[in-house]
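Beneath this line is the structure, given in structure tokens, with notes to follow.
The values are calculated or read from the model by the stated rules, or taken from the named source; none is laboratory data. Owing to the predicted nature of the structure, the values given are computational and were not obtained by experimental measurement. Virtual Cβ from ideal backbone geometry, glycine too; neighbours counted across all protein chains shown.
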Amino acid sequence: MTNSNLPEHVRANRTYWDSMADDWVDAGERNWNAPEPYWGMWQIPESLVNMLPANMTGMNTIELGCGTGYVSGWMARRGAHVVGIDNSERQLTTARRLADKHGVDLKLHHGNAEKAPYPDEHFDFAISEYGAAIWCDPNVWIPEAHRILKPGGQLVFLGNTPWAMVCTPLNGAPCEPALHRNYFDLYQIDWREAEHDPGGMEFNMPISSWFKLFRDVGFDVIDYQELQAPKDSPDRYGTSGAWAYRWPSEQVWKVRRR
């Protein structure tokens with residue numbers, strides 16, 4: 001599919017992430033070198049979040065919005081057959097280099113996670129950490145994840161909480177203990193013209209809307225976690241560590257296809 005045929009948010013986010021790819025190389029290298037997985041901006045260890053099955057031997061898995069590919073690498077090291085898809089070709093260039101460096105076999109696709117190039121009921125497990133989880137339209141990518149998962153297959157994803165979006169000023173300044181958006185109106189958030197840290201186009205919803213979407217699509221919720229930043233965490237990615245210690249800035253959803 002040519003760029004001109006892609007939805008506006010997909011085109012905008014492709015441009016944004018291609019332009020930002022160099023800024024994420026160092027983080028990608030650190031995560032590829034990590035002895036154990038850790039998650040999100042606050043680097044919560046896997047032992048506390050349990051995003052991945054302990055034994056993934058022989059599982060067909062996909063990372064939706066794989067970026068530099070370190071989560072895909074973690075799954076491959078647990079024995080999974082791994083596919084990664086990402087909207088940014090420049091991010092995938094880093095992912096391919098690091099996979100080769102670490103001797104990890106990944107299948108990496110340049111494309112939109114809202115339309116995966118795989119047949120129905122193909123994967124056992126799907127995951128997203130700040131990939132499709134925030135950059136794709138949930139009313140599109142959640143049904144698509146359901147389509148490509150086998151019955152009983154799991155989708156796990158981590159991204160911003162709706163509260164973090166409500167508490168972020170409209171000009172893109174760091175979130176603060178004040179409400180700047182209507183909670184029930186949350187959906188598409190366009191940061192392209194933001195005064196502070198202009199970016200791409202993100203998505204989020206009220207928690208009740210997430211539950212409704214899962215129910216309507218055909219997912220059962222296994223678990224929902226609101227991650228707390230460790231005390232005295234430094235500010236990261238426009239989010240105050242002190243704020244995220246008091247209120248949840250990140251959420252984890254774990255759902256299973258019926």
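Of all residues in the stretch 214-238, exactly one satisfies the criterion of being in a helix (DSSP H, G or I) and either touching a Gly at 6+ places or on another chain (Cβ under 8 Å) or closer than 26 Å to LEU48 by Cβ (or both), namely PHE214. Taking ILE85, is it assigned to a strand (DSSP E or B), more than 18 Å from TRP17 (Cα to Cα) and either of a type in the set (Asp, Glu) or touching a helix residue (DSSP H, G or I) at 6+ places or on another chain (Cβ under 9 Å) (or both)? No; evaluated as a whole, the condition is false for this residue.
Residue selection: THR15 satisfies the criterion of being polar (S, T, N, Q), at negative phi, surrounded by 14 or more Cβ atoms within 10 Å (Cβ to Cβ) and more than 15 Å from the chain's Cα centre (by Cα).
Checked against the criterion of being without any contact (Cβ under 8 Å) to a residue 40 or more places away in the chain and hydrophobic (A, V, I, L, M, F, W, C), the candidates ALA95, ALA80, ALA99 yield just one match: ALA99.
Within the stretch 154-164, the set of residues being outside any strand (DSSP E or B) and either modelled with pLDDT under 95 or under 15 Å from GLY241 (Cα atoms) (or both) comprises THR161, TRP163, ALA164. Pairs meeting the criteria (first residue in the stretch 11-27 and free of Cβ contacts under 8 Å to residues at least 12 places away in the same chain, second residue among the polar types (S, T, N, Q), beta carbons under 6 Å, at least 6 apart or on different chains) are ARG11/ASN3. Only one of the numbered conditions (1) at positive phi; (2) polar (S, T, N, Q); (3) modelled with pLDDT under 95 is not met by GLN43, and that is (3).
Whenever a residue of the stretch 187-208 is within 17 Å of TYR130 (Cα to Cα), its partners that are outside any loop (DSSP other than H, G, I, E, B) and of a type in the set (Ser, Thr, Tyr), lying with C-beta atoms within less than 7 angstrom and at least six residues away or across chains, give the pairs GLY199/TYR16; GLY200/TYR16.
Among residues of the stretch 220-232 that are closer than 16 Å to TRP210 by Cβ and without any contact (Cβ under 8 Å) to a residue 60 or more places away in the chain, those with a beta-carbon under 6 Å from a residue that is surrounded by 16 or more Cβ atoms within 10 Å (Cβ to Cβ) and among the basic types (Lys, Arg) at least six positions away or on a different chain give the pairs ASP220/ARG256; ASP223/LYS254. Candidates in the stretch 111-137 are the residues that are touching a Leu at 6+ places or on another chain (Cβ under 6 Å) and either surrounded by fewer than 21 Cβ atoms within 10 Å (Cβ to Cβ) or not aliphatic (A, V, I, L, M) (or both); of these, the one that is farthest from ALA80 (Cα to Cα) is GLY131. With respect to the stated conditions, THR68 is part of a loop (DSSP other than H, G, I, E, B), of a type in the set (Ser, Thr, Tyr), touching a residue at least 24 places away in the same chain (Cβ under 8 Å) and buried (at least 24 other Cβ atoms within 10 Å of the Cβ). Output the residues belonging to the stretch 97-132 that are of a type in the set (D, E, K, R), under 16 Å from the mean Cα position of the chain (by Cα) and more than 18 Å from MET51 (Cβ to Cβ). Residues satisfying the conditions are GLU114, LYS115. Only a single item in (1) at pLDDT 95 or above; (2) in a loop (DSSP other than H, G, I, E, B); (3) touching a Cys at 6+ places or on another chain (Cβ under 6 Å) is not met by HIS180, and it is number (3).
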